[in-house]
Structures are given as C-alpha cells and as structure tokens.
Amino acid sequence: PLQQFLLYGSVLPALSPALCQAVTGRGDARAVLDDLFDRQLFLSALDETVPVLRLHDLFRDFLRGELDRRAPGLAAELHARAAAAETRAERAVPHWLAAGRWPEALAALRQMAEGLLAVGGTHRLERWLEQLPPDWRETQPDAALLRGLCAWSRWDWVLARDEFQRSHDAFARQGQPRD
C-alpha cells in the first residue's frame, strides 16, 4: 500500500493530504504523509503545519518511471484526478495538460487568463497554450481569444487583430456571439 501511495503520488509536484487523497483514493492520506515524513524517506517538508511534502527529484523520477512501467497510461488518469482536486486553476492546468484533457485545460486557462495577463503572465499563458495540440487548438475560439489577448498585451496589434477575428468567427459559427 505504501509503494502504491508513492507511485500514485509521483505525479504530484507537492504531496498535500487533499491531493494525495484525490490521487490515491485513500482517506488516510494525512496519516501516510506524517508517517513518510517521520521515516525521512527522500522527502522535504514544504509546510510543516499541514504536511505538504516534496519528493526528492531523483526519487520522484524513479517512481514515475516505475508507475509508467507497471501501469502504462495510468499517469494520465492520476493527473486528471489531481487537476479536478486542485483549488487553483494555475496548479490544475499542468495536470490537465499531462492528462491530455484539452477542453478542461483550456477552460482553466480561460478562467485564469485575466489575472495572469494583469500581472505580466503572458509568456506563461502562451507556453500553456502551445502545449495544446495544434490541430485541436486551432479550432477553439477560446484559444484564439487567449492568443489574441496575449498578443495585445505585447502590443502586437496585427496578430491580436487576426486572433480576435478568428475567435469572433469561431464563436459566431457556434452560435455564441458573447466574445
């Protein structure tokens, strides 16, 4: 059980009780994290008030390799569970992307775009958008809108105009003139 807990938890950048419970399905995640910390098993504490731990990079990489070897394809499902349990969109996006759940990733990006752009997060938003499959991304009005907003924030007026037009046309084809 402890091995499986660690294998499943290897998809997480930080092991918190809530995320570990979501990913592993175990209701005793907090107790397991406390036990792992007490054993000092290749972990660092990020927050000692609530057990939030981080696996050492080499150990985490080893566990991810083992997870992929033992259960090919399971990592995507675990990432989807982690994304659904995340309380902040910016922490959910990498999980949605790793899970190959493009609509959920784009919805999370749309949810957080205004805040990211307000603080200069254009490159971060663009980097995430680029991780969506190009053929799928090009058909999505929200993706074009977000790319247009990124171009606008960089003062690339021509690209912004083109992306906004693509977004407008795609929304109109879907019967959604809102944007």
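The values are calculated or read from the model by the stated rules, or taken from the named source; none is laboratory data. The model shown is predicted, which means the values in this text are computed figures rather than measured ones. In this analysis, Cβ positions are derived from the backbone assuming ideal geometry, glycine residues included, and neighbour counts consider all displayed protein chains. The area values use the complete protein model at the heavy-atom level, side chains included, leaving out ligands, DNA and RNA. Shrake-Rupley method; radii C 1.70, N 1.55, O 1.52, S 1.80 Å.
Any chance you could count how many residues in the range 3-22 are closer than 17 Å to G65 by Cα and open to solvent by less than 60 Å² (accessible area, probe 1.4 Å)?
Residues that pass the stated criteria total 8.
Quick one: which residue in L78, L132, L97 is assigned to a loop (DSSP other than H, G, I, E, B), touching a Phe, Trp or Tyr at 6+ places or on another chain (Cβ under 8 Å), open to solvent by less than 20 Å² (accessible area, probe 1.4 Å) and under 30 Å from Y8 (Cβ atoms)?
L132
What's the number of the condition S167 fails, among (1) on the phi > 0 side of the Ramachandran plot; (2) surrounded by 19 or more Cβ atoms within 10 Å (Cβ to Cβ)?
Among (1) on the phi > 0 side of the Ramachandran plot; (2) surrounded by 19 or more Cβ atoms within 10 Å (Cβ to Cβ), S167 violates only (1).
(1) among the aliphatic types (A, V, I, L, M); (2) surrounded by 12 or more Cβ atoms within 10 Å (Cβ to Cβ); (3) out of contact with any Phe, Trp or Tyr (no Cβ under 6 Å at 6 or more places or on another chain): which one isn't true of A160, the others all being true?
(3) is the only condition that A160 fails.
May I ask you to say which residue of R54, R110, R64, R60 is part of a helix (DSSP H, G or I) and either open to solvent by 80 Å² or more (accessible area, probe 1.4 Å) or touching a strand residue (DSSP E or B) at 6+ places or on another chain (Cβ under 9 Å) (or both)?
R60
Could you tell me which numbered condition A84 fails, if it satisfies all but one of (1) within 13 Å of the chain's Cα centre (by Cα); (2) farther than 23 Å from T24 by Cα; (3) open to solvent by 40 Å² or more (accessible area, probe 1.4 Å); (4) not charged (D, E, K, R)?
(2) is the only condition that A84 fails.
For a quick check of your reading: which helices (runs of 4 or more DSSP H) sit entirely within the range 1-41 and have at least 3 residues that are touching a Lys or Arg at 6+ places or on another chain (Cβ under 7 Å)?
In the range 1-41, 17-24 are the helices (runs of 4 or more DSSP H) which contain 3 or more residues that are touching a Lys or Arg at 6+ places or on another chain (Cβ under 7 Å).
Taking G121 and the conditions (1) within 30 Å of P17 (Cα to Cα); (2) without any contact (Cβ under 8 Å) to a residue 12 or more places away in the chain; (3) surrounded by fewer than 17 Cβ atoms within 10 Å (Cβ to Cβ); (4) under 17 Å from the mean Cα position of the chain (by Cα), which numbered condition does it fall short on, given that it satisfies the others?
For G121, the failing item is (3).
Look at R154 and say whether it is surrounded by fewer than 19 Cβ atoms within 10 Å (Cβ to Cβ), within 20 Å of P13 (Cα to Cα) and more than 12 Å from the chain's Cα centre (by Cα).
Considered against the rule, which asks whether it is surrounded by fewer than 19 Cβ atoms within 10 Å (Cβ to Cβ), within 20 Å of P13 (Cα to Cα) and more than 12 Å from the chain's Cα centre (by Cα), R154 comes out as no.
Looking at the range 12-60, which of its residues are among the polar types (S, T, N, Q) and within 20 Å of R91 (Cα to Cα)?
Passing the criteria: S16, Q21, T24, S44.
Return a yes/no flag: does the range 38-51 have any residue that is open to solvent by 30 Å² or more (accessible area, probe 1.4 Å), more than 30 Å from L132 (Cα to Cα) and of a type in the set (V, I, T).
yes
Condition first: of a type in the set (G, A, S) and within 18 Å of R64 (Cβ to Cβ). Now tell me which residues in the range 23-50 satisfy that.
If the condition is that a residue be of a type in the set (G, A, S) and within 18 Å of R64 (Cβ to Cβ), then S44 is the only one that fits.
Which one of these is at pLDDT below 95 and assigned to a loop (DSSP other than H, G, I, E, B): G115, G175?
None of the others qualify; the one that does is G175.
Name, by its number, the condition in (1) hydroxyl-bearing (S, T, Y); (2) part of a helix (DSSP H, G or I); (3) open to solvent by 30 Å² or more (accessible area, probe 1.4 Å) that does not hold for T139.
(2)
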